[in-house]
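Encoded as structure tokens, the structure appears first; notes follow it.
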Amino acid sequence: MGVVRKWVFPIIRILIFAAIAVALVKVAFFPDTTGANNPDVPSAQIVEPQVAVSIGTIQNDVSLSATISADAAVPIKATLAGEVRKVLIAAGSPVDVGTPILTLRAEVPSADGLSTSVKTTTVVSPVAGTLSSLTALVGQVFSVGDSVGQVAPPTFRASGSLAADQLYRLTVQPTEAQVVIAGGPAPFTCTGLTISTPLAGADGQEGDGGTAGPTVSCAIPVDVRVFPGLTATIIISGGAAENVLIVPITAVEGIAETGNVYAVLDDGSTELRPVTLGLNDGINVEITGGLEEGDLILQFVPGAAAVDPALNGGEIIGQDCVVNADGSEICTDVYK
């Protein structure tokens, strides 16, 4: 044992330290160059996100903020050019269609112009509601068509502004919509829906057209209790398409009727490919021609500003992952 301690162990320690020293010199002065990167060849590549054309459902609902307001008062117009002889009702009174409001009297010349005859008429309410104003006084003279008062109908409507580009999503003219009032009754259907755009020259606009966008309005059912000034949401159904080809709207140049996508070829290059489009829900768009299920396209149009689906009210329901040729995986959030 004495010989082992005196000679063997010291020799082993010397060999270990020598091996460590040689390794340090190798690392410091003689690095391994077999795996060095060629500076002319990039060590990493940027792969643009791709998405496959898939089968899905498009529920094309257009939503907009709205306000509940009372229907406009209806004027009561004089039907005879003459003098008020009698006022038959007071302002604030409820009226029905045909309720007498006042009588007018006029002296009408005969056909030969040599004599006159007295003619009287009763002006009646044109609609049911409340007589909100009555400006006529006994002895006052009116011409045909002059307003003698107004009737406020007991009906309400929901109305709001719609972004002009949203009209592309409405392929047919809707006649009704769903109305949701926060803190109010259950969602209900409003009827008589109209979408109007101010005409050039109307309401004081210049002759070359105004900047105001389309206005959506629909009638509130009489059995639904509402109040003027309530805020609401109008949801217009623009149709649905089931089991159709869909792609994200971020992948398409244009989202109405026609568009372009960048198809990924077998060699990894891309080509511009025209497509025809159907419905879109603000997140995905229906492809009606130009692509087939499984075709790979760029998820984002090159050079286009990124669109965040969350801004359109999308809810993340999962992730969509694509495996590239080199084995790398790219995942994107899927929005509802």
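None of the figures in this text is laboratory data; all of them are computed from the coordinates on show. The structure displayed is predicted, hence computed values, not measured ones. Backbone-built Cβ (ideal geometry, glycine too); neighbour counts: all protein chains shown.
This model, with +1 at the C-beta of Lys and Arg and -1 at the C-beta of Asp and Glu, gives region 74-152 a dipole about its Cα centre of some 120 debye. Taking θ as phi - 60° and the Karplus parameters 6.51, -1.76 and 1.60, the scalar couplings of region 51-63 work out to 9, 8, 5, 10, 9, x, 10, 10, 9, 8, 10, 9, 10 Hz in sequence order, x denoting glycine and proline. Residue order for Ser147, Ser110, fewest other beta carbons within 10 angstrom first, comes to Ser110, Ser147. For Ile11, Ile249, Ile220, the sequence from fewest to most other C-beta atoms within 10 Å is Ile11, Ile249, Ile220.
Remark: region 93-107, residue by residue, has Karplus-estimated 3J(HN,Hα) of 7, x, 9, 10, 4, x, 5, x, 10, 7, 10, 10, 10, 9, 9 Hz, where x stands for each Gly or Pro and the curve is 6.51 cos²θ - 1.76 cosθ + 1.60 at θ = phi - 60°.
3J(HN,Hα) couplings calculated from phi for region 65-77 with the Karplus curve 6.51 cos²θ - 1.76 cosθ + 1.60 (θ = phi - 60°) are, in sequence order, 6, 9, 10, 8, 9, 6, 4, 4, 5, 9, x, 9, 10 Hz; Gly and Pro show x. Once backbone amide H atoms are built at 1.01 Å from N, Ala81 has Val144 as its partners under 5 Å, excluding neighbours fewer than 5 places away on the same chain. Fewest neighbouring Cβ atoms within 10 Å first, the residues Lys77, Lys86 line up as Lys86, Lys77. A P(r) calculated from all alpha carbon pairs of region 74-152, with 5 Å bins opening at zero, reads 3, 18, 27, 21, 14, 7, 5, 3, 1 percent.
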